[in-house]
Amino acid sequence: MKIIKPQPGGPRSSRRHTPKANLSGLYQRAAWDAVLKLDPRMAIKNPVMFLVWVGTVITFLLTLNPGLFGAATNTRAHIFNGLICFILLATVLFANFAEAVAEGRGKAQADALRSTRSDTTTQKQNPDGSFVAVNSSSLRKGDRIKVVAGEMIPMDGEVVAGVAAVDESAITGESAPVLKEPGSDVASSVTGGTRVISDELLIGITVDPGQGFIDRMIALVEGAERSKTPNEIALTVLLAVLTLVFLIVVATLPPPANYIHNPVSVATLIALLVALIPTTIGGLLSAIGIAGMDRVAQFNVVATSGRAVEACGDINTLVLDKTGTITLGNRLAESFITVNGHTLETVAKVALAASLFDTTPEGKSIVRLAEQLGAKVDFPLETATGVEFSARTRMSGTDLPQGTEFRKGAVDAIRGFVRSRGGQATADVETAFETISRQGGTPLAVCQDQDIYGVIYLKDMIKPGIRERFAQLRRMGVKTVMLTGDNRITAQYIAQEAGVDDFIAEATPEDKIRVIQQEQAAGKLVAMTGDGTNDAPALAQANVGLAMNSGTQAAKEAANMVDLDSDPTKLIDLITIGKQLLITRGALTTFSLANDIAKYFAIIPAMFAAVGIGALNIMGLKSPESAVLSALIYNALIIPALIPLALKGVNFRPLTANQLLQRNILIYGLGGIIAPFIAIKVIDVLIGNVGIV
Ligand SMILES: Nc1ncnc2c1ncn2[C@@H]1O[C@H](COP(=O)(O)OP(=O)(O)OP(=O)(O)O)[C@@H](O)[C@H]1O
Ligand SMILES: [K+]
Ligand SMILES: [Mg+2]
C-alpha cells in the first residue's frame, strides 16, 4: 500500500472536489423554493424586492377592483392592472429563483457531506485504561477512543498513540491515504468522517458533538449561518435609501399630475416605481454573495464566513513563509561541506548523531545522507536524549549522559552555541555558509560541543510558476512579504528569484504577528497562510488566515479558512475570487442604476402623453400602456438574464482596484444605458404585434 504525507503544493491536476454534490434537479427545486420564498417573513429581508412584492399585492387588488383608489382612468384597467400584477410577481419570483439556485448548490453539497456521517459504536477508553463500546453520539470533548483499521473516525481529534494510514477522501476528495501519528505538527490531527485503513489509533476527541469540521462545513455550504457581510450591508442600506427616494418622488407625482388634468393611475405609479428602484442588483445581491462562497468551496477551501471570502478581495498585503509556500519545501540534505580540517566521515558521523531524534523531513534526510556515506552511531542509543528543533532556537540535536552535545542548526545559532562553550567558528564556516546561501539553499552548521565540523546543504526549489503569480498579485495592487526563519542571504536569493516585494529573514514566530500588526496599523488588510500551532496567533491576527488541512487543530480553529488540499499558494486564488466577488457586485450595481435612464424615457412620456409631451417619446413606443409594460417586462427579464453572470462572476483581470473600477463603469455603465433602450423597443414591437395592448 502506498502511503503519502500531504504534499503542500502538489500538482493541481490531482485536486478533486469534496463529496460530489448531486446537482440534478437543482433548477426544479430552486423553482419551488422561489415560490416558498414569497412568504412575507422571508421576503421582507430584502427591502427592494419587498416593495415589489407589496406592489404585486396592490396591483392584484386593483385587478379585482380598478376603482379601489377612485375612479378608473381607463376602461380596460382590469387587463392593464392584471398584466402589471403578473409582471411584478414574475420579477419577485425571478429574484427568489436567483437566490434559490445559488443556495441549491450548497444544499446539495451539504447533503453529500451529511451522507458521510453516521452513528457508529466506538471503543471508548475508561479511566483505568480498559475499553467499553459506546455509541459515537455520546462522545464528548476530552474522551479517548480507539479506532482500528476499517472503522470510521467518529469525531475530530488528535492522535495520542499509534501510527495508522487514514483515508481522508470523504473530506478532501484526495484518495491517497495519509499517515497519522502522535506528536508531529502536521500528522496528528484527525477529522471525523475519515476512515482508518491500516493499524489502529488512540485518539483524544477535541470537539463536542455538532462542533466538528464536517458540521461546520455543512452549516457553511448550507448557508445556515450566512449573515450579511459589511460590504453587503452597506450596499443594502444604499439600495434601501435609493428606493425610499424613488418612493417619495413617485408619491409626490399625483398632485401636479392632477393639476395639469393628466391623472395617473395607481398601477402606473407602481410600475414607474418598480422600474426605477434598483431591482436588478436588489434581486441578485444575495445570489452573488452565496455564489462567491460556493466558488471558494469549489476550490476545496472551507471558509468560516462570507465575510472572510469578501475580505480576500480587499487584501493589500500577503504574508507568506518561504519554506513550502514559495519553495517546494521538501528540503533535503544534498551534501556535507567539511570545515576546520575535519574529514567527510567525521562530519557525516556528527551530523547523524545530531539528527537521530529529529523527526522533521530535514532531519530524516540528513540521517539518510549520512548513512549513505557509511556513518554509524558509536554510542548506546537508549542513554541519549533528543533536543527538539524549535523555530526560536533554530537548532536541534542530541545529548549524551556524560555531557557530550551534538547540535545542528542555523549557522549563526550554532556559532553562538560553540562560542558559549568556549569555541570559535573558523573562516571556512563563513565561506561554506555563503556558498550554500547564494544558491538559495539552507545551510545548517553541525557541531559537537565547542567544535564545528561542517555545514549541511539543504536544497530547496522555488515552485514553478510562482513568479508569475506574484506578478499578477502586484498588478492587483497586493504587496507580498516573505517571512522566513532562514538567513538573510538565502532569503534574499529566494525573494529575488520568486519576485516578492519584501522579505524578513531570521524571523521568529513573534515576528509574524508583529509584521501583520504593523501592516494593519498602516490601514492595510493582511492575509497569511500557516499550518503549525506556532502560526495560530498570527492566523487569528490576520484579516484572512488560511490554515492547511494537514495542520494542527489550533491553526485550523484560529484561521477563517481551511484549505483541504493544504496548498498555501491557494491564497492567491482566494484573493482573485474575493476581488471577483466585489467587482461582480459593483458591475451589476452600476448596470442596474444605469438602466434607469432608458426606463425614464419609456415611462415618463407615456404617463404624460395626454398633455402633449409626446416629443419626449424618443423611443417611439406604440402606446402609453405598451411603454409601461415593455419597461416593466425588461425590468423583470433582466434578472434571470443576469443570473449566470451573478453566479459565475464577471470576467476577472489582474488590475488594481482603480483600473477595474474605471473599466467596469465603462462596460457596465455604458452597457446599462444602451441595453434597455434596445430591449424595451424590441419588447414594445413584440407585444404590439401580439396585440395585447
Ligand atoms: N530540523 C532542524 N534542525 C535544526 N535546524 C533546523 C531544522 N529545520 C530548520 N532549521 C534551521 O532553523 C531555521 C529556522 O527554521 P524555521 O522553520 O523557523 O524557518 P524556515 O523553515 O527556514 O523558513 P520558513 O519560515 O519559511 O518555514 C532554518 O532556516 C534552519 O536554518
Ligand atoms: K428596477
Ligand atoms: Mg519552517
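Looking only at residues that are at pLDDT below 95 and hydroxyl-bearing (S, T, Y) in the stretch 336-364, which one is nearest to ligand 1 (Cβ to nearest atom)? Per the criteria, the residue is T360. With respect to (1) within 16 Å of ligand 3 (Cβ to nearest atom); (2) closer than 23 Å to L564 by Cα, the lone exception for R469 is condition (1).
Okay, residues lined up against (1) among the charged types (D, E, K, R); (2) within 16 Å of ligand 2 (Cβ to nearest atom); (3) more than 19 Å from G485 (Cβ to Cβ); (4) not assigned by TED's automatic domain parsing to the domain that holds V377:
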residue	(1), (2), (3), (4)
R392	yes, no, no, no
T398	no, no, yes, no
E405	yes, no, yes, no
K408	yes, no, no, no
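Restricting the search to helices (runs of 4 or more DSSP H) fully inside the stretch 437-546 and requiring at least 3 residues that are within 13 Å of ligand 1 (Cβ to nearest atom), at pLDDT below 90 and surrounded by fewer than 23 Cβ atoms within 10 Å (Cβ to Cβ) gives 509-521. None of I281, I315, I326 is β-branched (V, I, T) and under 30 Å from L38 (Cβ atoms) except I281. Restricting attention to the stretch 405-436 and to residues that are in contact with a helix residue (DSSP H, G or I) (Cβ under 6 Å, 6 or more places away or on another chain) and without any contact (Cβ under 8 Å) to a residue 60 or more places away in the chain, the residue that is surrounded by the most Cβ atoms within 10 Å (Cβ to Cβ) turns out to be K408. When N595, N549 are checked against the criterion of being of a type outside the set (G, A, S) and more than 16 Å from ligand 2 (Cβ to nearest atom), N549 stands alone in meeting it. Among the residues of the stretch 175-188, those that are in contact with a strand residue (DSSP E or B) (Cβ under 9 Å, 6 or more places away or on another chain) and either modelled with pLDDT of 75 or more or buried (at least 17 other Cβ atoms within 10 Å of the Cβ) (or both) comprise A176, P177, V178, L179, K180, E181, P182, V186, A187, S188.
In the condition set (1) away from ligand 3 (no atom under 15 Å from the Cβ); (2) surrounded by 15 or more Cβ atoms within 10 Å (Cβ to Cβ), D378 is compliant with all but (2).
On the given criteria, is T194 within 17 Å of V148 (Cβ to Cβ) and surrounded by 22 or more Cβ atoms within 10 Å (Cβ to Cβ)? Quick ask: steps written out before the conclusion?
Working: within 17 Å of V148 (Cβ to Cβ): yes; surrounded by 22 or more Cβ atoms within 10 Å (Cβ to Cβ): yes.
It is true that T194 is within 17 Å of V148 (Cβ to Cβ) and surrounded by 22 or more Cβ atoms within 10 Å (Cβ to Cβ).
From the list L352, L356, L284, the lone residue that is more than 21 Å from A542 (Cβ to Cβ) and within 16 Å of ligand 2 (Cβ to nearest atom) is L284. Of the residues making up the stretch 552-600, just one is under 26 Å from A98 (Cα atoms), of a type in the set (G, A, S) and in contact with an Asp or Glu (Cβ under 8 Å, 6 or more places away or on another chain), namely G578. Of the residues making up the stretch 547-575, those that are touching a residue at least 24 places away in the same chain (Cβ under 8 Å) and in a strand (DSSP E or B) are M548, M561, V562, D563.
For E103, the criteria (1) buried (at least 17 other Cβ atoms within 10 Å of the Cβ); (2) of a type in the set (D, E, K, R); (3) at pLDDT 90 or above hold in every case but one, which is (3).
Restricting to the stretch 74-128, name every residue that is of a type in the set (D, E) and farther than 22 Å from Y27 by Cβ.
If the condition is that a residue be of a type in the set (D, E) and farther than 22 Å from Y27 by Cβ, then D119, D128 are the ones that fit.
Before we move on, is G669 at positive phi and in contact (Cβ under 8 Å) with a residue 12 or more places away in the chain?
In short, no.
Only residues that are outside any helix (DSSP H, G or I) and over 38 Å from the mean Cα position of the chain (by Cα) were counted across the stretch 329-385, and they come to 20. For the stretch 659-682, a residue qualifies if it is in contact with a helix residue (DSSP H, G or I) (Cβ under 7 Å, 6 or more places away or on another chain) and at pLDDT 90 or above, and the qualifying residues are Y668, G669, G671, G672, I673, P676, F677, A679, I680. Cβ separations smaller than 7 Å between residues 6+ apart or across chains give no pair from the stretch 270-282 residues that are over 15 Å from I638 (Cβ atoms) and of a type outside the set (F, W, Y) to residues that are within 16 Å of ligand 3 (Cβ to nearest atom) and modelled with pLDDT under 95.
Can F50 be described as touching a helix residue (DSSP H, G or I) at 6+ places or on another chain (Cβ under 8 Å), without any contact (Cβ under 8 Å) to a residue 12 or more places away in the chain and either among the hydrophobic types (A, V, I, L, M, F, W, C) or over 30 Å from P263 (Cβ atoms) (or both)? It is true that F50 is touching a helix residue (DSSP H, G or I) at 6+ places or on another chain (Cβ under 8 Å), without any contact (Cβ under 8 Å) to a residue 12 or more places away in the chain and either among the hydrophobic types (A, V, I, L, M, F, W, C) or over 30 Å from P263 (Cβ atoms) (or both).
Just so you know, in the stretch 386-404 the residues that are in contact with a helix residue (DSSP H, G or I) (Cβ under 6 Å, 6 or more places away or on another chain) and not in a strand (DSSP E or B) include one that is nearest to L458 (Cα to Cα), and it is R394. Before we move on, is R514 away from ligand 3 (no atom under 14 Å from the Cβ) and in contact (Cβ under 8 Å) with a residue 24 or more places away in the chain? Answer is no for this residue.
The values are calculated or read from the model by the stated rules, or taken from the named source; none is laboratory data. Predicted model, so just to flag it, every value in this text is computed and none were measured. Positions of Cβ are backbone-derived with ideal geometry, glycine not excepted, and every protein chain shown enters the neighbour counts.
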